[in-house]
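Chemist: Supplied in structure tokens, the structure appears directly below.
Every number here is computed from the coordinates shown, using simple stated rules; none is lab data. All figures in this text were calculated on a predicted structure; none of them were measured in a lab. Backbone-built Cβ (ideal geometry, glycine too); neighbour counts: all protein chains shown.
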Amino acid sequence: MSDALDRAAELLDGAGALLICAGAGMGVDSGLPDFRGGEGFWRAYPPYARLGLRFEELADPRHFADDPELAWGFYGHRLALYRKTVPHEGFRILLEIGSRLPGGTGVFTSNVDGQFQAAGFGLVSEVHGSIHHLQCLAGCSPVIWPADDVDVSIDPETMRAVPPLPSCPRCGGLARPNILMFGDDAWVPDRGQAQLHELTVWRRGVRDLVVVELGAGQAIPTVRRYAELASAASGALIRINPREPEIRHNRGVSIAAGALETLTALAAATGPGSPRA
């Protein structure tokens with residue numbers, strides 16, 4: 001790992017801007033589940049193990065119409081969990097590295113937890129939406145609004161929400177998170193598209209971009225593909241992933257370790273106080 005860290009540190013020391021591409025593995029060091037496989041999901045949510053329900057089944061928008069208490073039990077619990085979670089030290093390290101660069105920092109993430117905003121990042125593209133924002137289930141309008149005032153009561157034995165459930169302020173019908181779920185053709189993408197446009201404009205305007213990809217798997221490769229696209233011209237990609245670190249055609253630096261462990265090591269190897277300075 002030392003050779004890979006040296007090459008990654010060299011890339012960061014020569015960077016003009018930093019693009020962070022993050023999947024679910026980025027939140028593991030903050031204590032968040034990565035929902036990888038049924039067993040991992042059930043360890044995080046034992047009531048669903050008793051019911052035999054997997055993450056893919058619960059993250060289905062039809063439940064909001066067919067069984068809204070089940071749907072809001074799952075998403076209401078996640079909303080409360082993400083609100084109280086403190087971003088781990090790796091977020092601060094990335095923020096500090098980016099603050100030294102003339103082009104600054106941008107974030108592209110499939111995570112819906114809002115951890116990057118909580119850590120102080122300003123330019124964040126949430127490609128799958130945000131649990132901290134809602135939309136109308138019936139689609140009475142395309143308006144997306146913050147979930148700041150939402151507080152869902154949940155029965156811990158059944159993981160079902162207790163009415164009243166979040167509602168649309170316009171039509172009074174049921175609200176749902178503004179998240180792209182599995183098989184979801186009703187997600188309102190406006191907020192996410194605006195974020196992505198802003199990130200794209202920034203990315204096209206910076207020089208010497210280095211991409212750091214963290215915790216992004218191949219099962220849903222949205223983040224990996226974006227990281228590879230953004231670094232295609234330069235090969236300046238640092239992929240940090242304990243299970244799937246491989247990079248096609250060796251177009252970058254591959255580090256088979258967790259996010260916090262690697263970022264801590266990179267913090268010591270880069271910047272003014274590092275041995276390389």
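Chemist: Provide the per-residue ³J(HN,Hα) series for the stretch 20-26, in order, calculated from phi with Karplus coefficients 6.51, -1.76, 1.60 and θ = phi - 60°, each as a whole number of Hz, with x at glycine and proline positions.
Modeler: My calculation for the stretch 20-26 gives 9, 10, 10, x, 4, x, 5 Hz in order.
Chemist: Something else about it: At 222 nm, what helix-only mean residue ellipticity would the chain give, in deg cm²/dmol to the nearest 500, using -39500 (n - 2.57) for each DSSP H run of four or more?
Modeler: Values: 11 runs with 104 residues, N = 277.
After summing the helix terms and dividing by residue count, I get -11000 deg cm²/dmol.
Chemist: Then there is this: I need the phi-derived Karplus couplings for the stretch 95-111: 6.51 cos²θ - 1.76 cosθ + 1.60, θ = phi - 60°, integer Hz, Gly and Pro marked x.
Modeler: Those phi angles translate into 4, 5, 4, x, 5, 7, 9, x, x, x, 9, x, 10, 10, 9, 8, 6 Hz.
Chemist: Kindly provide the chymotrypsin sites (Phe, Trp or Tyr not before Pro) of the stretch 108-208 that DSSP labels as loop, not H, G, I, E or B, and whose Cβ sees at most 15 other Cβ atoms within 10 Å. Mind showing how you got there, number by number?
Modeler: Numbers: sites: F108, F116, F121, F182, W187, W202; in loops: F121, F182, W187.
Within the stretch 108-208, the qualifying chymotrypsin sites (Phe, Trp or Tyr not before Pro) (loop, at most 15 other Cβ atoms within 10 Å) are F182.
Chemist: Show me the three semi-axes of the equivalent ellipsoid for the stretch 1-107, from the C-alpha gyration tensor (sqrt of 5 times each eigenvalue), largest first, rounded to whole Å.
Modeler: Details: eigenvalues 271, 49, 29 Å².
That gives 37, 16, 12 Å for the three semi-axes.
Chemist: Could you tell me the distance between the Cα centroids of the stretch 172-242 and the stretch 65-96, to the nearest Å?
Modeler: 18
Chemist: Ranking request for peptides 162-174, 124-136, 84-96: highest mean number of other beta-carbon atoms within 10 Å first, then the rest in descending order.
Modeler: On the way: 162-174: 14.4, 124-136: 22.7, 84-96: 18.1.
Ranking the peptides 162-174, 124-136, 84-96 by packing returns 124-136, 84-96, 162-174.
Chemist: Another question, if that's okay. Give the list, by residue number, of cysteines in the chain with no other Cys Cβ closer than 4.7 Å, or say none.
Modeler: Cys with no partner Cβ under 4.7 Å: C21.
Chemist: With the dipole of the chain worked out from charges on the C-beta (+1 for Lys and Arg, -1 for Asp and Glu) around the Cα centre, which of V86, G215, H197 lies farthest toward the positive end?
Modeler: After comparing all options, I get H197.
Chemist: Taking the Cα centre of the chain as origin, sum charge times position over the Cβ atoms of Lys and Arg (+1) and Asp and Glu (-1), and report the length of that vector in debye to the nearest 20. Don't skip to the end; give the middle numbers.
Modeler: Details: 25 positive and 32 negative charges, 102 e Å.
For the chain, the charge dipole is close to 480 debye.
Chemist: Would you grab the residues whose amide H sits under 5 Å from the one on A175? Only those 5+ places off in sequence or on another chain, please, with H modelled 1.01 Å from N.
Modeler: L137, S167, C168
Chemist: For the ranges 97-104, 263-270, 139-146, 209-216, what's the packing order if you count other beta-carbon atoms within 10 Å of each residue, average per peptide, and put the highest first?
Modeler: Ranking the peptides 97-104, 263-270, 139-146, 209-216 by packing returns 209-216, 263-270, 97-104, 139-146.
Chemist: Another question about this same structure. Above 31 Å lies some portion of the pair distances; for the stretch 2-269, what is it as a whole percent of all C-alpha pairs?
Modeler: The share of Cα pairs beyond 31 Å in the stretch 2-269 comes to 28 percent.
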